[in-house]
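Quick notes on the structure that follows.
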Amino acid sequence: MIRPRRFAVLLAVALTTAACGSPTPSMSPSPSASAVASAAPSATAAPSAAATGSVRPSRTYAEINAQVQAIRGLDEKTPIEPDIVSPAELATVIRASFDHDYPPDQVAADQALYRALGLIGPDVKLADVFVDLLESQVAGLYDPVAKKLYVVSKAGGVGPVEQVFYSHEYDHALQDQHFGLQRLQEGLRGQSDTLLAHQALVEGDAYVLMTYWLQQNLDASEIQQVIAASGDPEALAALQRIPPIVQAQILFAATQGTQFVLGQQIAGGWPVIDKDFAEPPATTEQVLHPEKYDAREPAVAVPLPTGLATKMGAGWSVATEDTFGEHQIGIWLAAAPDAAAGWGGDRLTLLQGPKNAWALAWRTAWDTAADAADFETAAAKAVAKAGGPGQVLPGEGGTTRWVVIGSDAAALGKIAGILGLAG
């Protein structure tokens, strides 16, 4: 999955979802709310007086800093001053760190995995997808490594759209100073489900804060400018070009993350969210079903047999291992995403062999035998669209189901036999 070192690298694309129906906070004990859509800034949005230079940007940002601190209940431990850049300048900043944030070997491994599962076509190149994302429209970025906050200004000033996005990015900076954003990504390679859950907390916090700030500090005319910005055709078209699995990873933080944080914040205020950062949701299941987070329901441990690559023969190696989780399994199931709701745990591995051969072994655990049966039915349709022949097999049965896919019938037969699944 996307593993940006900087949580907000693709913020603009996520923000665009508001124009596609993503929820925005519309109820809270304080402040009172009026729902509003938010999105990446439109090139045609009318500039306010601030955007035309009648208000000094430094003064405006200092005011927003104080307002965000008051709403969020977090102080500024060290001074935070934004770098105001053009979209092209920020895209350059992001592209310069792309290989570091998402190394080429991991891009290649994820690309192979998504092709094997039928989530992207054989001609789709993930690197090109990400470049398209970066070049389409970028609203802002907080870099927790360099401790720098970038804000895009298309008109060279600070209009309501820029102010809204700044409040979001400034909240990320406060999060980092108080909770450490890097900590939420350490040691999680091969755990994309947990990464998505952590990102949902980080982005959900910033979306809820951003909306509260907007409700308190913009007038009706300025809010209309923000709404108008949400309809930028270029950004929406770029979003639609993204393969559903990549799109779903980006949107999860904006939509489910906002719902999760808003529910927590309404129930207990911002101090509850502060505690959540100390023990963030461990799975997308916990984000999708907050009662499971409240109960700290863990994922079921799903080990894979050791030495699978060796058993496949000479020239075989492990390309990647991952835990997909409820959210990504639901995307894979496509026509029947609800069949992922009984998820208990999973673990998959993609093996690569000589002459472009490959094999995928995926073990899944479900809450009940009925949930496993529902998954088996839905997965059979998804396997039919995979990048090679595949099967959904019961293995030990009960609450367990296996998915095995191969580059050809020989690879499929071999991996199924090694796993003891061949009939």
*asked:* Positive end of the dipole of segment 284-421, charges at C-beta (+1 Lys, Arg; -1 Asp, Glu), about the Cα centre: which of 372, 345, 388 has its Cα farthest in that direction?
replied: 388
_Solvent exposure, largest accessible area first (probe 1.4 Å, DNA, RNA and ligands not counted), of 401, 59, 72, 183_ = 59, 183, 401, 72
*Set Lys and Arg Cβ to +1 and Asp and Glu Cβ to -1, take the dipole of segment 98-242 about its Cα centre, and tell me which of 153, 182, 130 lies farthest positive.*
182
*Would you mind telling me the share, in percent, of accessible area of segment 213-275 contributed by carbon and sulfur at probe 1.4 angstrom?*
56 percent
_In sequence order, calculated HN-Hα J values of segment 312-328 (Karplus, 6.51, -1.76, 1.60; Hz; x Gly/Pro)_ = 6, x, 4, x, 9, 8, 7, 7, 6, 10, 7, 10, 7, x, 4, 5, 5
_Considering only protein heavy atoms and a probe of 1.4 Å, how much of the accessible area of segment 293-412 is carbon and sulfur, as a whole percent?_
55 percent
*Roughly speaking, to the nearest percent, how much of segment 56-188's 1.4 Å accessible area is carbon and sulfur?*
52 percent
*asked:* At 1.4 Å probe size, what's the solvent-accessible area of residue 161? Round to the nearest 10 Å².
replied: 10 Å²
*For segment 244-376, state the semi-axes of the equivalent ellipsoid (square roots of 5 times the eigenvalues of the alpha-carbon gyration tensor), sorted largest first and rounded to whole angstrom.*
33, 16, 15
*On a C-alpha basis, how far is the centre of segment 288-357 from the centre of segment 77-143 in Å? Whole number, if you could?*
24 Å
*asked:* If DNA, RNA and ligands are ignored and the probe is 1.4 Å, what is the ranking of 100, 327, 168 by accessible area, most exposed first?
replied: 100, 327, 168
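The values are calculated or read from the model by the stated rules, or taken from the named source; none is laboratory data. Worth saying up front: this structure is predicted, and the values here are computed from it rather than measured. Here Cβ is always computed from backbone atoms with ideal geometry, including for glycine, and neighbour counts include all displayed protein chains. In case anyone asks, the SASA skips ligands and DNA or RNA and just uses the protein heavy atoms, side chains included. Shrake-Rupley method; radii C 1.70, N 1.55, O 1.52, S 1.80 Å.
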